[in-house]
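Here the structure is laid out as structure tokens; the discussion comes afterwards.
The values are calculated or read from the model by the stated rules, or taken from the named source; none is laboratory data. No experiment lies behind these values; they were computed from the predicted model shown. Neighbour counts are summed over all protein chains in view; Cβ atoms, including those assigned to glycine, are modelled from backbone coordinates with ideal geometry. The accessibility values were calculated without ligands, DNA or RNA, using every heavy atom of the protein model including side chains. Shrake-Rupley method; radii C 1.70, N 1.55, O 1.52, S 1.80 Å.
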Amino acid sequence: MSKKNVTSRRAVIQASLGAGLGLAGLSSLFIAGGLRPKKEITPESEPIKEGDTFVIAQGPDKGKPVTLDTLPLGGPFVLAWPMDPKTKVVKSGERNNLSMIIRFNPDEYDAETKKNSDQGVIVYSAICTHLGCTVSDWLADQKIFLCPCHKGLYDPRQGAKVVGGPPPRPLPMLVTKVSGGKVVAGSGFLSPVGPVGALARNKAQV
Ligand code: FES
């Protein structure tokens, strides 16, 4: 066999092996994907959407509607779940729906936050953009949200921009409306909720 033929035969074998390995890799990906349990969307786990109202998520007033009266001017915030106003289903089956709602004098907001607020009320995601903990604490003297996991700090008057700690980006907000005194979603969240990219993968490993 000539040297040229040996070379081209070797090239064909290598190409076949490569294709085989590639297919095997792809198959294992498909198998892995197929084995991964599919997340079933139920009425409780539907994402937050325009028109949803909100109910208080915890404490003695759990389940009561979030209204202007439940939101003291200047904070603190209220943790809340969205609720479908027609079916009255509370969408607490999807953690990414957990929201924090706060009210300030609109003149204290930056332009973007003011634009998306109504009567001083603005709704943010309560899921930290660092590794996904619940942003559950309130620094009353500074009027800042605190994520207790790694001390991430967010300023609710500036679009929940990060003012301390490791979070890489602000908490998502949604267009907020107030109708008949009740807080209503005027949209879904305007940016991805929780950690994304490498941070989401890190989160999956913790
Ligand atoms: S998860 Fe919130 S600061 Fe790390």
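Summary table below
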{"item": "With every protein chain in place, the stretch 58-106: carbon and sulfur % of accessible area (1.4 Å)", "result": "55 percent"}
{"item": "More than 26 Å apart - percent of Cα-Cα pairs taken over the stretch 43-205", "result": "20 percent"}
{"item": "Proximal lysines to residue 64, defined as alpha-carbon separation beneath 21 angstrom and excluding residues fewer than eight positions away on the same chain", "result": "49, 86, 88, 91, 177, 182"}
{"item": "Average accessible area per residue (Å²) across the stretch 106-206 - probe 1.4 Å, nucleic acids and ligands excluded", "result": "45 Å²"}
{"item": "Nearest-0.05 FRET efficiency for residue 61 and residue 191, computed from C-beta distance (R0 22 Å)", "result": "0.15"}
{"item": "Signed unit charges on C-beta, dipole axis of the stretch 87-176, positive-most listed residue 156, 176, 142", "result": "176"}
{"item": "Residue 38/residue 141 FRET efficiency (R0 35 Å; Cβ-Cβ; nearest 0.05)", "result": "0.15"}
{"item": "Ranked packing of 145-155, 39-49, most packed first, by mean Cβ within 10 Å", "result": "145-155, 39-49"}
{"item": "Relative contact order of the stretch 43-205, defined on C-alpha pairs under 8 angstrom at six or more residues apart (%)", "result": "23 percent"}
{"item": "Extension gain from residue 105 to residue 119, taking 0.36 nm per residue of separation minus the Cα-Cα distance", "result": "4.2 nm"}
{"item": "Residues whose placed amide H lies under 5 Å from that of residue 163, excluding near-sequence neighbours", "result": "153, 154, 155"}
